[in-house]
Amino acid sequence: MEKLNHNIHCSVETCAFHAQSKDFCTLNAIKVGCCGDSHPDNCECTKCASFENR
């Protein structure tokens, strides 16, 4: 049985930590990073730095 973290919603099914039966993450916590800028102006510049490809 996969461990669901109901506090982290995720729809990225290619991530190794995606709970395949539901749109949640299986990690206890994630790290949010930026695309080269430590002070992004919009959400397109942010990313889940905990992502690992399946």
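Does Phe51 count as aromatic (Phe, Trp, Tyr) and touching a Leu at 6+ places or on another chain (Cβ under 6 Å)? Taking the combined requirement at face value, the residue does not satisfy it.
Is the stretch 25-34 home to any residue that is modelled with pLDDT of 90 or more, part of a loop (DSSP other than H, G, I, E, B), of a type in the set (A, V, I, L, M) and surrounded by 15 or more Cβ atoms within 10 Å (Cβ to Cβ)? There is at least one residue in the stretch 25-34 that is modelled with pLDDT of 90 or more, part of a loop (DSSP other than H, G, I, E, B), of a type in the set (A, V, I, L, M) and surrounded by 15 or more Cβ atoms within 10 Å (Cβ to Cβ).
Right, Ser11: assigned to a loop (DSSP other than H, G, I, E, B), exposed (fewer than 14 other Cβ atoms within 10 Å of the Cβ) and not basic (Lys, Arg) or not? Can you show your working first?
Working: assigned to a loop (DSSP other than H, G, I, E, B): yes; exposed (fewer than 14 other Cβ atoms within 10 Å of the Cβ): yes; not basic (Lys, Arg): yes.
So Ser11 passes the test.
One residue stands out among those in the stretch 35-54 that are surrounded by 10 or more Cβ atoms within 10 Å (Cβ to Cβ) and among the hydrophobic types (A, V, I, L, M, F, W, C): the one that is farthest from the chain's Cα centre (by Cα), which is Cys45.
Checked against the criterion of being out of contact with any strand residue (DSSP E or B) (no Cβ under 8 Å at 6 or more places or on another chain), of a type outside the set (A, V, I, L, M) and modelled with pLDDT of 95 or more, the candidates Asn53, Asn7, Asn42 yield just one match: Asn7.
The values are calculated or read from the model by the stated rules, or taken from the named source; none is laboratory data. Bear in mind that the values here come from a model prediction, so they are computed numbers and not experimental data. Methodologically, a virtual Cβ is constructed for each residue, glycine included, from the backbone with ideal geometry; neighbour enumeration extends over all protein chains shown.
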